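Since the structure comes first, as structure tokens, the remarks are kept for the end.
The values are calculated or read from the model by the stated rules, or taken from the named source; none is laboratory data. Quick caveat: nothing in here was measured; it's all calculated off a predicted structure. Note that each Cβ is placed from the backbone with ideal geometry, even for glycine, and that neighbours are counted across all protein chains shown.
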Amino acid sequence: MANDVLDIVNFDFASAPADPDLLIQAWVPEIEQAAITHVPDDRFIAFLTAALRLGARSKSLKGLKLIEVVEKAGYSRSTFFRMFEGQTQFLLKGYQLTCLLSTKVYAKHLHSQTLSLDEFCTFTVDVFFGANCTIPHEILQMLWREHDLTHSAFHPHLDDLGPIMQTYLSQNPQTQHLKVDIEELDEVLKSFDLAILNARLEDNEKWGTPLYYKKLKKMLQGYFIACE
């Protein structure tokens, strides 16, 4: 992929390891635009955007100093602390909002296309594999450790993902024949997401590689082929 092409759907994960720098450049504008559309609180958007841009520059917890986030957002410390208990809670809410917005980005791109089942699976894995490669393991591990949440509570955005897929598949001419059970699909997506989460929490050396990407694609394809 050429360095000047910054489209979240134009990465070839099957042939080369994920490039976090290029993925961040592609994803940050998408998340910022989705926030403007879907988040009603301008203050939250400002703090989230500031954290995204600072995090994109440093790609570590060290680059997310509270005072710099507040200054870049253009609001006061008192405003920040009225909205959040502290930096850790802000990072959790910001992370979860970013995950939710990634599903909005997915839906936007998905509904603009007519895809075969194989193309749908490739597109879906491309989007969520790429999105997960933009957030440093260090941040994810800290949030998981500090908040001690269940998988479902840590990733509440998964509740929205199944209905998005089911709606598309039922309306798309090439996939209307699939017999998709939403409860089964929800469980498959949780298993898919948990495989990603565990790999990142464990610093799996295969994460981000074509091998792991292909593993995830086979997981998703296996379910939908069974629905034919």
Somewhere in region 64-87, is a residue under 18 Å from Asn132 (Cα atoms) and in contact with a helix residue (DSSP H, G or I) (Cβ under 6 Å, 6 or more places away or on another chain)? no
Among residues of region 119-140 being more than 14 Å from the chain's Cα centre (by Cα) and at pLDDT 95 or above, the residue farthest from Gly86 (Cα to Cα) is Glu119
Among (1) modelled with pLDDT under 95; (2) more than 25 Å from His151 (Cα to Cα); (3) in a helix (DSSP H, G or I), where does Ser112 come up short? (3)
What number of residues within region 6-36 satisfy the criterion of being assigned to a helix (DSSP H, G or I) and either under 16 Å from Cys99 (Cβ atoms) or within 16 Å of the chain's Cα centre (by Cα) (or both)? 16
Would you confirm whether or not region 168-175 contains a residue that is within 25 Å of Ala26 (Cβ to Cβ), over 15 Å from the mean Cα position of the chain (by Cα) and modelled with pLDDT of 95 or more? yes
So which residues in region 166-219 are surrounded by fewer than 16 Cβ atoms within 10 Å (Cβ to Cβ), polar (S, T, N, Q) and farther than 26 Å from Pro156 by Cβ, if there are any at all? Gln174, Gln176, Thr209
Kindly indicate the residue of region 146-160 that is among the charged types (D, E, K, R) and over 14 Å from Tyr95 (Cα atoms) and also farthest from the chain's Cα centre (by Cα) among those meeting that condition. Asp148
Here is a check on your reading of the model: is Thr175 touching a Pro at 6+ places or on another chain (Cβ under 7 Å) and among the hydroxyl-bearing types (Ser, Thr, Tyr)? no
Condition check for Thr134: touching a helix residue (DSSP H, G or I) at 6+ places or on another chain (Cβ under 7 Å), under 18 Å from Ser60 (Cα atoms) and not in a helix (DSSP H, G or I): yes
Among the residues of region 188-210, are any assigned to a helix (DSSP H, G or I) and in contact with a Pro (Cβ under 9 Å, 6 or more places away or on another chain)? yes
Considering each of Thr103, Thr79, Thr49 in turn, give the residue that is within 30 Å of Tyr223 (Cβ to Cβ) and modelled with pLDDT of 90 or more. Thr103
